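What follows is one structure encoded as structure tokens, with my remarks underneath.
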Amino acid sequence: MLAGEERSGVRTKARLVSAGAAVVMAVGAVAPANAGAPPAGLIALVGRTPGLAPVGEVATGHGTIVATFRGSLGTVRVAGLPGAAAAIQVLPPDARGRGAILIGLSAGAPKSHRAGPSQAVVLADLGLAPGSASGTATILTAGASAAPVPAGGIPWASTCINVNVLGGAIQGAGCNNVYKKHASGGDWYLSNEYWASASLTSWQGPLGLHLQGVAFETTWHPGNTIYSIAPTTTQPFGACTPWTVTASGTNNGITIGGSITGQICPSTLGPWNLRLASTYPNSGALWTGNVQGVANYQGAEGVQLVHSPPGVEANWDDYYLINYCNGICF
């Protein structure tokens, strides 16, 4: 079951439109982890997903589930909470060779839920120890030796996505880290420090596959409010550069902040899908470029500050996107 408002549903007609290296997407929200539709302990694959089917899931022992989906598209693995749902959309290459893959994962839990494992633990659950490799599942980001680092502490919840798709030509990962920065009973102030990365796994020549966009977005369910985000403007990069994205803000007299540090490569990092005033408020970050080589992981990173008032559960949905092109894509 998908939740949605003025946005089209992932399950039925998510729109991913690419123009050059730019990506525009309209998506709906995946059902929250505590919606009750999937049985406990199961991460359900919802909607019609070409080229992928569930092949197994494992309980990690610390409150999360790792689910694997595999087929002609490749392999997608997600680490989420029991009862979550995943939705995978494929936009086949158009006449100009441009295509995209979008993965949605529901997250969040009742506020009585105990704090979840850290990003490092969730990545290890996926076989993605930062700075190392497990088969083809390496998660170096933009040439760095580790995953982007959130500001610190143990998050209330971390969820991650890992992909190896298009015949193994593209691999990548992304994580959402939600920190409880201030709480008074059920009145919570949260920071979400998220990132996504992807890379080509082999050189295919000038007429082969190009990686052109990597993005991550988080949509919050009704009643939650996003009141500060980063990035807010598009920043050009002429070389791979260590970069920290920071947000701070005051809401109802409570001041919190969040940051995440990684490495950004050419060409740009900017905001993606900003709908802060929506019933389902959302924001994200987008890397754009035109990568043919395999030396660097291309990545995006961002921060949200969120107010989750009493009587509202902290439920959200994550979206990870890869935009690519076959042929002459400059």
Would you confirm whether any residue within the stretch 168-181 is at pLDDT 95 or above, under 22 Å from Pro309 (Cβ atoms) and of a type in the set (Phe, Trp, Tyr)?
-> no
Say whether the condition of being over 19 Å from Leu73 (Cα atoms), assigned to a strand (DSSP E or B) and among the polar types (S, T, N, Q) is met by at least one residue in the stretch 195-213.
-> no
For the stretch 146-164, indicate whether the set of residues that are at pLDDT below 85, under 23 Å from Gly289 (Cβ atoms) and not in a loop (DSSP other than H, G, I, E, B) is non-empty.
-> yes
In the stretch 4-15, is there at least one residue being modelled with pLDDT under 85, touching an Asp or Glu at 6+ places or on another chain (Cβ under 8 Å) and either more than 29 Å from Ala124 (Cα to Cα) or assigned to a loop (DSSP other than H, G, I, E, B) (or both)?
-> no
Please verify whether the stretch 72-82 includes one or more residues that are touching a residue at least 12 places away in the same chain (Cβ under 8 Å), out of contact with any strand residue (DSSP E or B) (no Cβ under 9 Å at 6 or more places or on another chain) and within 30 Å of Gly208 (Cβ to Cβ).
-> yes
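The values are calculated or read from the model by the stated rules, or taken from the named source; none is laboratory data. Since this is a predicted model, take the numbers as computed values, not measurements. All Cβ positions, even for glycine, are placed from backbone atoms using ideal geometry, and neighbour counts span all protein chains on display.
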